[in-house]
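First comes the structure, then the notes that go with it.
The values are calculated or read from the model by the stated rules, or taken from the named source; none is laboratory data. Quick caveat: nothing in here was measured; it's all calculated off a predicted structure. Don't worry about glycine lacking a Cβ; one is built from the backbone with ideal geometry, like all the others, and counts go over all protein chains shown. Keep in mind that these areas ignore ligands, DNA and RNA; they rest on the heavy atoms of the full protein, side chains included. Shrake-Rupley method; radii C 1.70, N 1.55, O 1.52, S 1.80 Å.
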Amino acid sequence: TKRLILRPWRDSDAEGLYQIAKDPEVLPMNDQTPHKDVAYSLSVIKMIYSEPGIYAVIERESNKPIGCIGLT
């Protein structure tokens, strides 16, 4: 869209993912616990979000992740 990009997750997205996923209100519906630090977010990117069909939702203006989507 004019505002959003879907693309594969990058290691450089770890800080942005952490900023989203550290909030305890964000992840309970996915049965995940809040991320404790950027290193944990990076491990999630490498082990889970690197799977085919998992994309970062990126805000074009800031080039930061604002969410995640899985397409099957």
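List of remarks:
- Each 5 Å bin from zero holds the following percent of Cα-Cα pairs in the chain: 3, 18, 27, 28, 18, 5, 1.
- Per-residue 3J(HN,Hα) values for segment 17-27, derived from phi via the Karplus relation 6.51 cos²θ - 1.76 cosθ + 1.60 with θ = phi - 60°, read 4, 4, 4, 7, 7, 6, 6, x, 7, 7, 9 Hz in sequence order (x marks Gly and Pro).
- The figure for V57 is an accessible area of roughly 20 square angstrom, using a 1.4 Å probe on the protein chains alone.
- The chain, accessible area per residue, ligands and nucleic acids excluded (1.4 Å, Å²): 70
- Remark on K22: its backbone amide H falls under 5 Å from those of H35, a criterion applied only to residues 5 or more positions apart or on other chains, H modelled at 1.01 Å from N.
- Rounded to the nearest 20, the size of the Cβ-charge dipole of the chain about its Cα centre is 280 debye, with Lys and Arg at +1 and Asp and Glu at -1.
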